[in-house]
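Here the structure is laid out as structure tokens; the discussion comes afterwards.
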């Protein structure tokens, strides 16, 4: 990696980091500021059509599946996601190739002078807003055919929501970031539904009745056709008629594993079906190719066989519950060693409850993040559900190493609680190198 690249990363790091120090409310995300910055850059997001994805869980996996489907059709795709696991460059990909260090450095050099032209009344640009604009500009420079864009947090005020998408996709909605998005499901759903634009097709999964009502009402107000990716088929919100899927979400055929991926797969296939209805030329073979070849790391990812090591970025109650269901067939016949690190702003008891009762050993550690939870707080959270013993490690790498030392060849090690934990396990086992 050359000096110009590291200088570019240092400059990005000098901007406000709303991912490390979360804002007090969603309104602190300044959408007009991002919109003006993009206008000064020449409105690059208007150069190509896009899919925008919001939701609580499954956004990254669904984005990866939709991108894979579009690429299987022969399109040149841009993929923008967050956060990253090992390198900031993972967030910005064309045809699943990470932006190169040279390209990222060149983009920063090109865009830095434009930051100074922003009116001071709009406030200072955050690192996330700059990266979003960088991705959208990079995609325009490289003449992509389609962009798949993941919302970072919420939806209504997220920087990605400056994009006028061809289709809005909303994954499962549950409780997360409640201090920012609200403490009720309807308030959280309202923020996620902010990506629904007037007249734009929207597709979601079956939601809790409260969230479903919010999405349905907002779609109706904005005259946006709403579709539900039901287990049995795709249904318009105002109809009982089910359209069969172009690809059945059988876990044996999916490139991604874990029970939750069936729901994400139905949503991705439904999105492609709606895009095809909108005029996209997609052959039936593209559905099979796209869904079987998709890859997205750290989501129920099997890293090795003996002992069996599974990593998952589950970081809220709903994700932890679904992870526990996915682990059950494996943990039934194996001793489970659970490696757990969670951020401080999460519901620790709700995350640990479905996971620790099946574990013979739980290894706790702080996450390598400013918002890491105190290990003693985690101990108290899991005590009511614990049947095995608890060990403490000083950091994620030590925790993973300890788990591997304790595990026999026929045991199961699961590393979870945060994507930061999953990333460390991938690095310890040689699947990636941190920049």
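Which order do 296, 11, 6 fall in if you start with the one that has the fewest other Cβ atoms within 10 Å?
The most exposed by this proxy come first: 6, 11, 296.
Could you tell me the distance between the Cα centroids of segment 53-119 and segment 196-266, to the nearest Å?
Using only Cα atoms, the two centres lie 25 Å from each other.
Per DSSP helix of 4 or more residues, -39500 (n - 2.57); summed, then divided by the residues of the chain. What does that give at 222 nm, rounded to the nearest 500?
-12000 deg cm²/dmol
Using only the alpha carbons, work out the radius of gyration and Dmax of segment 301-428 in angstrom.
Both quantities, over Cα of segment 301-428: 12.7, 37 Å.
In percent, how large is the relative contact order of segment 3-292, given Cα pairs closer than 8 Å and 6 or more residues apart?
Values: 524 pairs, mean separation 68.3, N = 290.
Relative contact order of segment 3-292: 24 percent.
Listing 387, 192 from the residue with the fewest other Cβ atoms within 10 Å to the one with the most, what is the order?
387, 192
How do 89, 266 line up, fewest other C-beta atoms within 10 Å first?
Details: 89 18, 266 26.
Final ranking by Cβ density, sparse to dense: 89, 266.
Over all pairs of distinct alpha carbons, what does the Kirkwood formula give as the hydrodynamic radius of the chain, in Å?
Values: mean 1/r = 0.0450 Å⁻¹.
One over the average 1/r among Cα pairs gives 22.2 Å for the chain.
What share of the DSSP beta bridges in the chain is antiparallel, in percent to the nearest 5?
The antiparallel fraction comes to roughly 30 percent.
No value in this document is a laboratory result; all are computed from the given coordinates. None of these values were measured; they are calculated from a predicted model. Here Cβ is always computed from backbone atoms with ideal geometry, including for glycine, and neighbour counts include all displayed protein chains.
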